[in-house]
1. If you take the beta carbon distance between residue 96 and residue 41 as r and set R0 to 22 Å, what does 1/(1 + (r/R0)^6) give as a FRET efficiency, to the nearest 0.05?
2. If packing is taken as the average number of other Cβ atoms within 10 Å across a peptide's residues, how do 111-120, 55-64, 140-149 rank, most packed first?
3. Relative to the present Cα-Cα distance, how much length would full extension add between residue 115 and residue 103 at 0.36 nm per residue of separation?
4. Evaluated at 20 °C with a viscosity of 1.002 mPa s, what Stokes-Einstein diffusion coefficient in µm²/s does segment 12-156 have when Rh comes from the Kirkwood expression over alpha-carbon pairs?
5. Could you calculate the contour length gain from residue 69 to residue 85, that is, 0.36 nm times the residue separation minus the distance between their Cα atoms, to one decimal place in nm?
Amino acid sequence: MFGKVTTSVVLVLVLVGLVGASPTGAPITACEDLLPRHGSNASAVNEPFNLFVQSAGDNMLNVTIAPQDPAVLFKGFLVRATVDNLDQGYFDLSLTPQYKGYNCDSTHTASTHTENGLKSSVTVFWAVSQPGEITFEATVVIEKVRYVVDLINVYTA
Ligand SMILES: *[C@@H]1O[C@H](CO)[C@@H](O)[C@H](O)[C@H]1NC(C)=O
Ligand SMILES: *[C@@H]1O[C@H](CO)[C@@H](O)[C@H](O)[C@H]1NC(C)=O
C-alpha cells in the first residue's frame with residue numbers, strides 16, 4: 001500500500017512556514033487552495049482517489065470520497081463546492097454529524113473531518129437549492145505528511 005506511492009510534489013514552497021497538524025479539521029486558511037497546512041515536510045502524492053457525486057433524492061447529493069485501492073485508509077479531508085463558480089449553497093451535515101461544515105465565503109460551502117481516525121471512505125451531503133453547475137473539489141490527507149490534491153467532479157443540477 002505504501003510502495004507504489006510516488007511523491008509528485010509541487011507546492012512545497014507554499015507550505016513552508018505554515019505549521020500545524022489539523023486533527024480536528026482543516027484550518028480556516030485552507031479555502032483558497034484546499035491545501036493542508038502540515039509543514040514543509042508534507043507533500044502531494046499520487047494515490048488515486050475518486051470523488052463521486054450522485055443524487056440521493058430530496059434535492060440532496062451524495063458526495064463520496066474513496067480511494068481506488070480499498071486497502072488505503074486516510075485521516076482527513078476537505079471538500080468545497082461552488083455553484084456556477086460562486087461560493088453559495090451548502091453541505092447539510094445533519095445526516096453526518098461525524099463531519100462538520102466549514103465556511104469559505106459563505107456558511108458550510110465546504111466540509112471537513114472532526115477527528116483524524118483512519119477512514120476508508122467519507123460521504124457528506126450537498127443540499128441542491130437551485131439549478132446550476134456545481135463544482136466539487138477535494139483534498140485528502142492520508143497522513144500528516146502525505147496528501148492528495150485536485151479531486152474534482154462537476155455535477156449539473
Ligand atoms: C522534517 O523532517 C525532518 C527529518 O525527519 C525533521 O528533522 C524536521 O524537524 C521536520 N520538519 C518539520 C517542519 O516537521
Ligand atoms: C453514497 O454514495 C456512495 C458511492 O456511490 C455509496 O457507496 C453509498 O452507499 C451512498 N450513501 C448513501 C447514504 O446514499
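All of the numbers you see were taken from the coordinates with simple rules; none came from a lab. What you are looking at is a predicted structure, and each value in this text was computed from that prediction instead of being measured. Here Cβ is always computed from backbone atoms with ideal geometry, including for glycine, and neighbour counts include all displayed protein chains.
1. Calculated value: 0.10.
2. 140-149, 111-120, 55-64
3. 2.6 nm
4. Rounded to a whole number, D works out at 142 µm²/s.
5. 2.6 nm
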